[in-house]
Amino acid sequence: MARHKPRSKLAQRGNTRCARNSASPKPAQSGNTRCAIYTRKSSKDGLEREFNSLDAQREACLAYITSQRHEGWKALPTHYDDGGFSGGTLNRPAVQRLLADIRAGRIDLVVIYKVDRLTRSLADFAKLVEIFDAQCTAFAAGGSPVPDLITEKADVDQLSSITVVIS
């Protein structure tokens, strides 16, 4: 898991576009940061096991959310698990439900184990960031060597640059 503290509280994210909206950011309204956990495994191999890769990812994300409870983070009970789906497309049932719930204002923060669990496509990553940004939703990668909390376009631009260099 990442070992450094997120740069800011979600309730005071510093996302100036969100701060300028007529409604205050969702976490400030509720006092809690509603965290959705998204997990994905490309193949169906091993999904029949009692404890599989999706469970391990979810457990790691839950531990990360628990470590941030002093910031008001709270895991939502809904599971967004795409077992047996490639990360090369957004045409996945759980990611579509996740996006629908983000658009409906039910999610403040998406927690993923690693960025590649969300998508393996840089173009799709950019689309997701636009959707997240439009809804003032952040995401945190709890098990990868990227910044814990992605809340602003500058963070995404920097992460995109890193992703291109590594690829």
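The values are calculated or read from the model by the stated rules, or taken from the named source; none is laboratory data. Keep in mind that this is a model prediction, so the values were computed, not measured. Here the Cβ is made from the backbone with ideal geometry for all residues, glycine too, and neighbour counts use every protein chain on show.
The table below lists the values:
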quantity: Segment 36-65, residues that are hydroxyl-bearing (Ser, Thr, Tyr), part of a helix (DSSP H, G or I) and under 11 Å from Val111 (Cβ atoms); calculated: Tyr64
quantity: Restricting segment 77-107 to residues that are part of a helix (DSSP H, G or I) and not hydrophobic (A, V, I, L, M, F, W, C), the residue that is surrounded by the most Cβ atoms within 10 Å (Cβ to Cβ); calculated: Asp101
quantity: Any hit, segment 88-111, residues being modelled with pLDDT under 95 and on the phi > 0 side of the Ramachandran plot; calculated: no
quantity: Any hit, segment 143-158, residues being within 25 Å of Lys44 (Cβ to Cβ) and modelled with pLDDT under 95; calculated: yes
